[in-house]
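Below: the structure, in C-alpha cells.
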C-alpha cells in the first residue's frame, strides 16, 4: 500500500496560523500572481494543521522559487532546475516530513525538465507547485519553454519560433500520479487543488497559471472571467451510473487526460490525473530497508561489518 | 554417469607431482602476470591468489588492465606476492602465463631475464631460439577440456592455470579450495565441480618435471589471522558505512560504479538507502537533500561526473552542508581513458566550482587507507559542515591488497538525527562559530524557522547583498577550513630527515615512491619521501621539511602543463614560492614503475 500523507495531529493545542507561517514580505512585483499562490498555500496549511516543524519548502531558481523565504518553515533555496531531486532526497530519507517544491516554468520544464520526468515516474512522495507565467521574469523577459509562438521577448524580438511545451501532456505522459491545473486568479479553486495534491499519496503536481504583470501581462486573461475570459472546470466522474456521468472525466484514464491537455488555450482547469494505487518510491524503498533490517536482526553496525570482512579473509 | 559429490572433490587431495626429487627454490617475492582475454576469468584467479596471500600472512598487490569494451579484448592480471613489504605490482614479471599468441607477443617483454614463460601450446608459438627466458609449453586448452569433459569447451582454463600455479609455488591447496568453494558454491554444484576438476587437473600436471624445478614461496613471519584482502573501492565503501554514512545518491560511471552498487546493496541492512539518480546533477542534489534532512550523505563519480556536479558542490560550500564526495579518478580529459589511472583531477577538486569555494580534499595512499580516509572524511564533513572530496583513482579502485582487519568496535560511528528542539537564539549561519544546521523536523522554540540557501545570506539564511555581510561570510567559510587545517598532523618523512632529494607524492603512487626511495637509500643515496593524504588544506610543517633537502621532487600522474609542473607541484610552488620544488609527471595511463621514478630523479642528483 502506498504511504499516505494524512497530516498527523499536532502534539499541543497550538494552532498553526497564517501568522506563524508568514516570513519576509515577498519581493515579487505588485500584482504578481505568485502572491495569491502564497496566500492559498497558507490557507491550506492552516486548514490541514500540518505540524509546523514538519513542513519543508524547497525551490530552485526563479521569481517563484523565492517562495521558501516567504514561508516561515524549514526551507531550502537551491540551484536552478534541481529542486525536485533535492526534494526527493529529503522525502525519501525523512518520511515524517511534508515536502513541498515550488518553481516556475523555466525551472521545471527547461533546465529541470529531466528531473520532472524521473520524479514523476518514481512517484516520490512530495507536492510540486509550478507557477507558470510563460516567460523568464527574474532575468527580465526572455522566451521560456512555455512561451507561445510569436511571443516577443529579448531573446526573440521578432516573436518566439519554438513550439512551447505542453505542461499537462508532459506530466500525464511521464506518469505523474496526481496532475492538476489551476489559475492564480481563482483562489478557491487553487486551494482545492493544493489540498488534494497534499493529501495525495505520491508525487503530486499543480500546474498553476500565474501571471507576470511586468513581462507577460494578460497572458492568462482568457482563463479569467473578470478579464472577459472563461474559467472552465474539468468535470470529474461521480461514478453514479447516470448518463451524464458518461461524459465526465475519469481521473485514472491517461488517454482522457491527454485529450484534456490537448484543448487549446485556456483549456480546462481541475484534476487531470489522480491515481492512488501506484506504490510510492518511498514505500518501495522503505519495504526493502525493513526486510533487510529484519534479516540482520539485532546485529550492531560493528558486527555487520565484521561479518562482511570475514568473507575477505 | 555418476558425478563425485562437491564436498569430496574439494576435500580430496589429488596426487601432486613429487616435488621431493626436484630442486626447490625459495622465493621471497614473485610477480606473476596472467595475460589472456577479459572473458577468460583471469581476474577471478588473480583474486583467488591475492586472497590466499592475505590469508597466508603474505603481502600482496595486484594490478590489472581491463578493456573498456563490454566484452572481450586483451586483459592482464598481475599478482605480486611477497613475504616482505609489497609496495607495487612489480615493474617486471618473474612468471608469465600467456593464453594466446597476442598475449605472448604483447607481454613477453615484461618478463624478467631468466623468468619463466608458461604458454598454452594449443594457441601460442613462442619465438624460436629465445634463450632470454625459460619456456614451458602446457596444452592448457586441451587439458582443460579433457578434464571437465566434452561440452565445457575451454571454460575453466583459468582454474586449470590456478592449479598449475598452486603446485608450482607449493601454495596452500586446502585454503585455496575453501576460497574457491565459497566463490563458486554460491552459483551451483555443477559450476563448483567443474571448477575443481579443472583446478585439480592443473594441480596434478607435472609442470615441475617439465621445468626441472619447483618454488617455495615463503609465508610471512607474522601468523596474524586478522588479515583481509580486498580492493580499494570495497575498502572505501565500508569505511563510509563505518563512518556513519547511511544515505547517498549516484549515477553509474566507470570506475566509480562498484561503490554505488555496494552501497545500494548494503545500506538497507544498516537502515539507510543509496538512490540511483537520473543523472549526475540529480545525484548530488539528492545527496544534498539527504544531508539537509539531517543525514551524513555521500555522492561520487569519476571525472566527467564530477564536472557535472561542480555547480551543486559550490552550493554545498555556500549553504554549508556536510557531504562526502568521492572521485575515482581515471584518464582524462573528456571521456578519456575510463579504465586507466590518472591523478589529473586535483585542481578540479580544489578549484572546479565557480566562486570562492574552500573545501576539504583528501587522498588515500593505498587500499587499506581507502577505508580510514573514508572514516576521516565523514568526521570532517560533520564537524565542519562542509563538503569533503576524496580523490581516489582507478588503480586503487581495482587493485587488491591485504591488510589488518580494522577494529570496528572502536571505529564505528552511529549516525544520529539531531532534531532536538533549538532555542530562540539559534541561527543557522553565525558569523563567529560553526554552522550546525537544524534539520527539518526540528522545533524552533523561538518560532522562527531557518532557510538554507545558496544566495549570499545573513546569519538567518535570508538573502543579503550587503557588502559587509558578504565579506564576513566569505571569511567565515574560509576560516573554518583553515581551522580544520590546523588540526591536520604534520606529515612524516620516510627515509632521513635531510638529504639530497625529497620525493613528494599523493594518492596511489605511495607504494612505487616508497619502493623507489628504499632502493635509492640501499644504493647509498640520500633520498627521502613524504606522502600527502591531505591536499586541501595542506598540512602545516611542509617548509620545515623541505628546507632540509636540496631538491624537492613532486611525483604525480598528471601532465606537466604549460609551465612544466604537475598539479600538486604547481600548488606547492605557489604556496611556498620555493624554487627547489620540481616536478616528475607522466600520463600513460599506468602507475609509476620504480625505474621510471629512479631515472626521473637522476638529473636532480649530484654528479648528474
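Just so you know, all these numbers are worked out from the coordinates, no wet-lab data involved. In this text the structure is predicted, and so the values were computed from the model without any measurement. Cβ atoms come from the backbone with ideal geometry, glycine included; neighbour counts cover every protein chain shown.
Points to keep in mind about this one:
- Dimensionless Rg ratio for segment B:374-504, taking C-alpha atoms and the 2.2 N^0.38 Å reference: 1.47
- Helix B:467-485 vs. chain B, principal-axis angle (Cα, 0 to 90°, nearest 10): 40 degrees
- Counting Cβ atoms of other protein chains within 10 Å of each residue's Cβ and taking the mean over peptide B:524-531 gives 0.
- Rounded to the nearest 0.05, the FRET efficiency derived from the C-beta distance between residue A:226 and residue B:431 at R0 = 51 Å is 0.55.
- With a 10 Å cut-off around each Cβ of B:454-463, the average count of Cβ atoms from other chains is 3.
- Of A:230, A:14, A:207, the one that fluctuates the most in a GNM where chain A has Cα springs shorter than 10 Å: A:14
- Relative contact order of chain A, pairs being alpha-carbon contacts under 8 Å that are 6 or more residues apart, as %: 18 percent
- Descending semi-axes in Å of segment B:512-562, equivalent ellipsoid built from Cα gyration tensor: 21, 16, 11
- Rounded to the nearest 500, the 222 nm mean residue ellipticity of the protein assembly as shown from helices alone is -10000 deg cm²/dmol, with -39,500 (n - 2.57) taken per DSSP H run of at least 4 residues.
- When chain A is treated as a Gaussian network with alpha carbon springs shorter than 10 Å, the biggest mean-square fluctuation among A:275, A:188, A:170 belongs to A:188.
- Projected label distance in nm at residue B:464 and residue B:563, using a 7 Å step from Cα toward the beta-carbon: 3.7 nm
- Extension gain, residue B:595 back to residue B:109 (0.36 nm per residue minus Cα-Cα distance, nm): 173.4 nm
- Fraction of the pair-distance distribution of the protein assembly as shown above 51 Å, Cα-Cα pairs, percent: 30 percent
- Packing here is the average count of other Cβ atoms within 10 Å per residue, and on that basis the peptides B:397-404, B:287-294, highest first, run B:287-294, B:397-404.
- Cα gyration tensor shape of chain B, rounded if a/c is under 1.5, else prolate or oblate by comparing a/b with b/c: prolate
- When A:168, B:473, B:159, B:286 are sorted by how many other C-beta atoms sit within 10 angstrom of their C-beta, beginning with the fewest, the order is B:473, A:168, B:159, B:286.
- Per-pair calculated FRET efficiency, R0 = 35 Å: residue B:420 and residue A:295 via Cβ, rounded to 0.05: 0.65
- Using the Cβ-Cβ distance between residue A:25 and residue A:140 with R0 set to 22 Å, the FRET efficiency from 1/(1 + (r/R0)^6) comes to roughly 0.55.
- The fraction of Cα-Cα pairs per 10 angstrom bin, counted from 0 for chain A, comes to 6, 26, 33, 21, 9, 4, 2, 0 percent, rounded to whole percents.
- Backbone N under 17 Å from the residue A:188 label point (7 Å along Cα→Cβ), restricted to segment A:203-228: A:224-227
- Segment B:330-440 - Rg and Dmax from Cα coordinates, angstrom: 18.1, 54
- Relative contact order of segment A:208-313, defined on C-alpha pairs under 8 angstrom at six or more residues apart (%): 18 percent
- Springs between Cα atoms under 10 Å define the GNM used for chain A, and in it the highest mean-square fluctuation of A:274, A:232, A:294 occurs at A:294.
- Cβ-based exposure ranking for B:503, B:571, in which fewest neighbours within 10 Å come first: B:571, B:503
- For segment B:262-392, the gyration tensor built on C-alpha atoms gives a rounded shape. Its axis ratio a/c (a ≥ b ≥ c) stays under 1.5.
- Contact order for chain B, expressed relative to its length and based on alpha carbon pairs under 8 Å spaced 6+ residues apart, stands at 12 percent.
- Value of Rg to Rh for segment A:191-313, rounded to two decimals, is 1.27; Kirkwood radius and Rg both from alpha-carbon coordinates.
- In plain terms, the C-alpha convex hull of segment B:198-334 casts an average shadow of 13.8 nm² when viewed from every direction.
- Relative to the longest principal axis of the Cα atoms of chain A, the long axis of helix A:301-310 lies at roughly 70 degrees.
- Per residue Cα convex hull volume in Å³ - calculated over segment B:184-274: 191 Å³
- Averaging 1/r over each pair of different alpha-carbon atoms in segment B:464-514 and inverting the result gives 14.8 Å, the Kirkwood hydrodynamic radius.
- Between helix B:42-55 and chain B: long-axis angle, C-alpha atoms, 0 to 90°, nearest 10: 80 degrees
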